[in-house]
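The structure under discussion appears below in the form of structure tokens.
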């Protein structure tokens, strides 16, 4: 009885704090003073453009005073954006579509990053150590590491297995943070890992084999998106438009200046200089690739992540 | 009969009141994080289907049982050794205090290194948290044994095993049970925590999966289920306690009457 009471009490406390969070609104812009905004990002290669754009002053140009805050994973960023803790955030496309379909009030405002277009030289990779495993189908009954459950990595692993003729339900997915994955495969705690750069370089350096990637599913996959809350999009559309403009400029700049990308990575990650020089960078298209999101929406339904198909037009409109 | 009814009424009064408050306070909630209780209860049966119960809940409970049993064995064993000797106690005390203060969730990455990511790691996490209240209470229980009875055992040259079973453990058992009760609630928490990292099945894993899949009503139904498991386990614990401590409760009742 005591425990039940505590559980309900904790629930009530969360209710109150959630209500308090929900009440947090960004004040409307005042002319002349820059808008102070916080964006939640994940400290991986994918978000290099926003760091670069901030450094180059693309956000200041738009009268935005941007603070970047790193979160554990994109799945955690989305609720924080919806609740108003961050005004903007970066998350993988699957998490964004699933969240929107399940009623989380967010919308996508800019493209995050995309695959390289080359299935065998992507910035992501499904990596195995055992030479007997030559294709994703062989992962049936095996343990495979994903960084988050029910996100783009998890879904891509299942889809790669399915397209190769295996039963994705028979793959045992284990949640491990990207930095822990190479070690876990090295000590045989898992049979395969799905990593992105720079961990992919570390895995390749061990002589392990890549048997799949995001690009293998879709050469032009829209891997991630920048999002804001529907509340902010309604209350301050001007701010959101300016953020999108700055973001697009940052993406285009990053796409055409890979050397500066490799340099700025050192400012927010622990990636060593030589690894930064050698690793494969993702593509940073300036516009959201709706066709790719449509394909991801189909994958979401096919893999049972949501019961109804995500409404891509409503997410990106 | 009426007293049983009254006890049931008292037992359920507060939970029902709180659920009612939750029901009405959350009714019509549009906050995605806090769905209405009606919605949570609606998804409860489909969420916790037979498949989930056998594939996720049962493995969790088995790990909890194994971990709790392991903690009892280790905790009582170490507690008796430490409690019986003043020298050992003085030696062990600083280390005990040090180890006890380490939060088991912080040990998860280390356990992963040592024991992998399978059942062994999860059971170790449960043991590492449950063992402390049992050790410390056993030590106190063993120390607090009646010195006259201890002398008597010695005078009658009662064998070690018999003395341990009939005197040391028996007289320490009220405190051991107190420690075990604290350990049980810690165990439930750690059962969930051990599955939130590097798991592929289990109750904690499922709740985490709902969280990252933005299925908040399902996530809350898992939290409710955890609470229910807590209630059931504490009731089971009370039954076991009444068995083990029947002599003690009888003694106390007799003492009350004679006073």
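FYI, it's all coordinate maths here, none of it is from the lab. Given the structure is predicted, the values throughout are model-derived calculations rather than measurements. Neighbour counts are summed over all protein chains in view; Cβ atoms, including those assigned to glycine, are modelled from backbone coordinates with ideal geometry.
The table for this structure:
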| quantity | calculated |
| --- | --- |
| Residue A:209 paired with residue A:259, simple spin-label distance in nm, labels 7 Å along Cα-to-beta-carbon | 3.8 nm |
| Inter-label distance for residue B:119 and residue B:73, nm, one decimal - labels placed 7 Å from Cα along Cα-to-Cβ | 1.4 nm |
| Highest-fluctuation residue, A:48, A:119, A:302 considered, GNM on chain A with Cα pairs under 10 Å | A:302 |
| For segment A:102-125 and segment B:35-94, distance of Cα centres in Å | 40 Å |
| Where only C-alpha atoms are counted, convex hull volume of segment B:174-259 per residue in Å³ | 101 Å³ |
| Rounded to 5, percent antiparallel among DSSP beta bridges of the protein assembly as shown | 60 percent |
| Using alpha-carbon coordinates, inclination of helix A:237-256 to the longest axis of chain A, degrees | 40 degrees |
| Candidates B:41, B:169, B:236, ranked by Gaussian network fluctuation over chain B, Cα under 10 Å, top entry | B:236 |
| Relative contact order of chain B, pairs being alpha-carbon contacts under 8 Å that are 6 or more residues apart, as % | 24 percent |
| C-alpha long axis of helix B:37-47 to longest principal axis of chain B, angle in ° | 80 degrees |
| Fraction of antiparallel bridges per DSSP, segment A:124-217 only, in percent to nearest 5 | 55 percent |
| Average Cα contact separation per residue, segment A:69-129, under 8 Å, 6 or more apart, as relative contact order % | 24 percent |
| Cα-Cα separations in the protein assembly as shown greater than 43 Å, expressed as whole percent | 32 percent |
| Extended-chain gain in nm, criterion 0.36 nm per residue less alpha-carbon gap, residue B:181 and residue B:24 | 53.1 nm |
| Helix axis angle, A:258-268 relative to chain A longest principal axis, alpha carbon, degrees | 80 degrees |
| Cα pair distances of segment A:124-217 binned at 5 Å [whole percent] | 3, 16, 30, 30, 17, 4, 0 |
| Simple label model, 7 Å out from Cα along Cβ direction - residue A:60 to residue B:166, nm | 8.7 nm |
| Neighbour-count ranking [beta-carbon atoms within 10 angstrom, fewest first] of B:51, A:100, B:249 | B:51, B:249, A:100 |
| Equivalent ellipsoid dimensions for chain B as semi-axes, Å, which come from the Cα gyration tensor, largest first | 40, 26, 14 |
| Computed over chain A: relative contact order in percent, which uses C-alpha pairs under 8 Å that are six or more apart | 27 percent |
| Among B:28, B:70, B:129: highest mean-square fluctuation, GNM of chain B, C-alpha pairs under 10 Å | B:28 |
| Gap separating the Cα centres of segment A:248-263 and segment A:212-240, nearest whole Å | 18 Å |
